[in-house]
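Read through the structure below, which is laid out as structure tokens, and then see the notes.
No lab work stands behind these numbers, since they all come straight from the coordinates. No experiment lies behind these values; they were computed from the predicted model shown. Quick reminder, even Gly has a Cβ in these numbers, built from the backbone with ideal geometry, and neighbours come from all protein chains shown.
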Amino acid sequence: MKNLKYYLNKALKEKFALGAFNFSNMESLQAISKACSQTQSPAFISVSEGALNYMGENYVIALAKCAKEISPYLFLHLDHGKNFDICKKAIDLGFDSVMIDGSSLPFEQNINLTKQVCEYAHNKNVLVEGELGQIKGIEDNVSSTQNFYTDPEKAKIFVKETNVDLLAIAIGTSHGAYKYNGEQTLRFDILKEIEKQLPNFPLVLHGASTIDSELINMINDYGGNIKNAKGVSKEHLIQAIKEHNIIKINTDSDIRLAFTSMTRKVLNDKKEEFDPRKYLGEGRNKAEDIIKDKIKNIFFSENKL
Ligand code: G3H
Ligand code: 13P
Ligand code: ZN
């Protein structure tokens, strides 16, 4: 059985990325596992603390087991663990990898916390993602002149001191559907400097949804109200994967938008419908389609098992 480390190395060598797809219910996980199985693609299946609380840990473990039966190379990942205890809990539950997100802490504290998680996780063969720099959104009111990007020299020290397996970096993406006020930029100059300091090291891009206008328009056409949404450009994602060492791409908002757009359409088109299987089923199909599209045309992780 090939493990997660194998796929991280393969992705670095062959220049593709593993999707890290967030799920928060059975249908979204089914969409991910079917898309990955049909495209023969390895991927992370990610749960945030919020999603873990929403589903309940026993459901998460049971659902992940079912998903892995359909597509064995799905790796259960804790997204944005904020403290040691939540990471320990996920590790003890059998997660394949955890993210310890100490990015809002002072540098030394982030190092100490991340190191503590690594020591516990590595003993149990669980991989760890750390984060340096802050992935802000326009809602956080930060302008590009403020220094929240990853500092390349600190990145080198951070990796050396903590022994993390993957590093999430801040180069201009942000979470959610409202990523940019103006131009869709990514700081490739900073990415290059990080790679000089950390040659051949697996890097992670959060906040990487593309927020396609097709989905936004569909939501708005069927009674929603999402204004001024903007995501990362596909071309930038491809460049980050093909020309750099971004080998994990976090995607949550696009799955939510796909689900919501189709669910809204079905409920609008069939006003007499009240069977959740009908509208959630269509939402699931739409989510599966956009995940497959990403795997094939942006992440290039198709046929990489
Ligand atoms: O990075 C955050 C993910 O999109 C999870 O969001 O905390 O609302 O589940 P959530
Ligand atoms: P998006 O909101 O762009 O999908 O990012 C999700 C993410 O980074 C989860 O960790
Ligand atoms: Zn994130």
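Values computed for the structure shown
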read-out	value
Long-range Cα-Cα pairs in region 113-245 (distance over 21 Å), rounded percent	48 percent
Difference of contour (0.36 nm per residue) and Cα-Cα distance, residue 160 to residue 297	45.9 nm
Degrees, to the nearest 10: 188-197 long Cα axis against longest axis of the chain	40 degrees
Relative contact order (%) - region 42-140, alpha-carbon pairs under 8 angstrom, separation at least six	23 percent
Equivalent ellipsoid, region 195-301 (semi-axes from 5 times Cα gyration tensor eigenvalues, Å)	33, 14, 9
Ordering of 266-275, 77-86, 20-29 by packing [mean C-beta count within 10 Å, highest first]	20-29, 77-86, 266-275
The chain - percent relative contact order, Cα under 8 Å, separation 6 or more	22 percent
Considering only region 1-143, percent of DSSP beta bridges that pair antiparallel, nearest 5	0 percent
Fraction of alpha-carbon pairs over 33 Å apart in the chain - percent	20 percent
Region 113-251: relative contact order in percent, alpha carbon pairs under 8 Å with at least 6 residues between	25 percent
Nearest-ten-degree value, helix 26-39 long axis tilted from longest Cα axis of the chain	80 degrees
Fully extended contour minus Cα-Cα distance, from residue 6 to residue 278, at 0.36 nm per residue	94.0 nm
Virtual spin-label span in nm between residue 285 and residue 188, 7 Å along Cα→Cβ	3.9 nm
Aspartates and glutamates whose Cα lies under 19 Å from that of residue 265, excluding same-chain neighbours fewer than 8 positions away	27, 212, 214, 221, 254, 273, 275, 282, 288, 289
Most fluctuating residue given options 181, 285, 225, as computed from a GNM of the chain linking Cα atoms under 10 Å	225
Stretchable slack from residue 57 to residue 107, in nm (0.36 nm times residue separation minus alpha-carbon distance)	14.9 nm
